[in-house]
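The values are calculated or read from the model by the stated rules, or taken from the named source; none is laboratory data. Quick caveat, the model's predicted, so the values are computed rather than measured. All Cβ positions, glycine included, derive from the backbone under ideal geometry; neighbour counts span all protein chains shown. Note: areas computed on protein heavy atoms with side chains; ligands, DNA, RNA excluded. Shrake-Rupley method; radii C 1.70, N 1.55, O 1.52, S 1.80 Å.
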There are 2 protein chains.
Amino acid sequence: MGRWEPGAAGRLREAALALYAERGYDGTTVADIADRAGVTARTFFRHFADKREVLFAGSEQLEQHMVKALAEAPASATPMKAVAAAVLASSDFFDTIPPEYSRRRQAVISSTPELRERELIKLATLTSALTRALLDRGVEPDVAALAAETGVAVFRVAFGRWIAAPETPEAVPFAAVIRSTLENLAGLTT
Amino acid sequence: MGRWEPGAAGRLREAALALYAERGYDGTTVADIADRAGVTARTFFRHFADKREVLFAGSEQLEQHMVKALAEAPASATPMKAVAAAVLASSDFFDTIPPEYSRRRQAVISSTPELRERELIKLATLTSALTRALLDRGVEPDVAALAAETGVAVFRVAFGRWIAAPETPEAVPFAAVIRSTLENLAGLTT
């Protein structure tokens, strides 16, 4: 997926996350992050729009990847099956990132209202993108919106479960947690 | 529910909404809102913390009402049935507000990123409250989180459908739109 590239962008991400955890998001400047990563502020801004985006830079790629999986689901797939394919595809994305980074990132986001807001906006944008992809498959609007919202609900719950899991060498893969959450969903409404 | 009380608070809400639509949220001050409502800024702050909260002042009541409905669902109700009772109870709240106000309010929120963020935070808070209420009923954590997220997804989609409906004297009640959305949900996963 190309998200977890080495080099300046990866070092800046790691530096930002470390500093947010140490000093808090409000107490960290772009200059601090650049210093820690051993690059200039100018380099920072070549990679990220601001100190908030440094934690969300992969979200467009994640969204595109999920939308592609939805679009490529068999024509015979129900709306929810197509959405499930998109949610399962998100695991390809997270498989390229050290789980420990995802865990630390989520801890910083959860404790920083400004980052939490940005995360919620990104998830709302993802929901809209999945809704549009369902409409493109000819799904009726009310059903498309509901299937997309439900898929993002599964994603949120599965992601929360996955990063809350105790760390073990045989950690449960994210895809398995998504599958289990989709089974819970089917059980909920029967 | 006491949300749509007449008097200063109601006039301030109406004034804020009219000004946000006319001049935009950023172009409106608390002094402008108080002027339009014929009260002092001091009176504004007796009712609302800031110019953002004036559009969200009822959300704690809505949350409490929904949590109460969930808690009072029969012990035999499945987690999703209990959540459905909470979502249906939200219609009691919106029945006390002129639908035209809800519609105009949503238009202002959708076009103002700062208000959209606040709305998403309120919905995330509602999700957490419903999750806790399910845990109190002894529901297993993974299922509780998923049922609450799914219930809020139903609420969001139903609310969007309801306020997007063309206005007619025989407008479809919100509760009917919620029921139809719950039926769509059951159909999604079968």
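If you take the accessible area of B alone plus A alone and subtract the pair, what total do you get in square angstrom, rounded to 100, with a 1.4 Å probe?
Numbers: alone 9760 and 9770 Å², together 16990 Å².
Buried area between the two chains comes out at roughly 2500 Å².
Once the other residues with Cβ under 14 Å from the Cβ of A:ALA18 are scored (Lys, Arg +1; Asp, Glu -1), what is the net sum?
That sum, taken over residues with Cβ under 14 Å, equals +3.
Report the Stokes-Einstein translational diffusion coefficient (µm² s⁻¹, integer) for the protein assembly as shown, Rh taken as the Kirkwood radius over Cα pairs, at 25 °C with viscosity 0.890 mPa s.
For the chosen part, D equals 109 µm²/s.
Sort shortest first the distances from A:LYS68 to its counterpart in every other copy, using label points 7 Å along the Cα-to-beta-carbon line, and give them in nm.
When each copy's label point is compared with this one, the spacings are 5.1 nm.
What value, in deg cm²/dmol to 500, does the helix sum -39500 (n - 2.57) over DSSP H runs of n ≥ 4 give at 222 nm once divided by the residues of the protein assembly as shown?
-23500 deg cm²/dmol
Return the single residue from A:ALA85, A:ALA31, A:ALA71 with maximal mean-square fluctuation; model: Gaussian network over chain A, springs between Cα atoms under 10 Å.
Comparing A:ALA85, A:ALA31, A:ALA71 in a Gaussian network model of chain A, the most mobile one is A:ALA31.
Counting only other chains, what is the mean number of Cβ atoms within 10 angstrom of the Cβ of each residue in peptide B:153-160?
Mean inter-chain Cβ contacts per residue within 10 Å come to 5.
Could you work out the local net charge near B:GLU53, counting Lys and Arg as +1, Asp and Glu as -1, over the other residues with Cβ closer than 11 Å to its Cβ?
Every neighbour counted, the sum reads +3.
Relative contact order for region A:58-188: what is it in percent, counting Cα pairs under 8 Å that are at least 6 residues apart?
After rounding, I find 29 percent.
Mind listing the label-point distances from B:PHE45 to the same position on all other copies, shortest first, one decimal in nm, points 7 Å along Cα→Cβ?
For B:PHE45, the other copies' label points sit at 3.7 nm, shortest first.
Taking a label point 7 Å from Cα toward Cβ, how far is B:LEU135 from its twins in the other copies, in nm, shortest first?
Copy-to-copy label distances at B:LEU135, shortest first: 3.7 nm.
So what is the diffusion coefficient of region B:1-152 in µm² per second by Stokes-Einstein at 20 °C and 1.002 mPa s, using a Kirkwood Rh over Cα pairs?
D, rounded to a whole number, is 129 µm²/s.
Threshold 50 Å², probe 1.4 Å: give the residues of region A:112-146, in number order, that are less accessible with all protein chains present than with their chain alone.
Buried on complex formation: A:GLU117, A:LEU120, A:ILE121, A:ASP142, A:LEU146.
Check the straight Cα-Cα distances from A:LYS51 and name the lysines below 22 Å, setting aside those fewer than 8 residues away within the same chain.
A:LYS122
Using a simple charge model, +1 on the beta-carbon of Lys and Arg, -1 on the beta-carbon of Asp and Glu, nothing else, what dipole does chain A show about its Cα centre, in debye to the nearest 20?
The calculated dipole for chain A is roughly 220 debye.
When only Cα pairs under 8 Å and 6 or more residues apart are kept, what is the percent relative contact order across region B:8-54?
42 percent
What is the sum of charges around A:ARG156, taking Lys and Arg as +1, Asp and Glu as -1, for the other residues whose C-beta is under 14 Å from the C-beta of A:ARG156? Don't jump to the answer; show the numbers that get you there.
Numbers: positive: A:ARG116, A:LYS122, A:ARG161, B:ARG156; negative: A:GLU119, A:GLU149, B:ASP142, B:GLU149.
For residues surrounding A:ARG156, the net value is 0.
Using only Cα atoms and rounding to the nearest 10 degrees, what angle (0 to 90) does helix B:79-94 make with the longest principal axis of chain B?
With rounding to tens, the tilt is 20 degrees.
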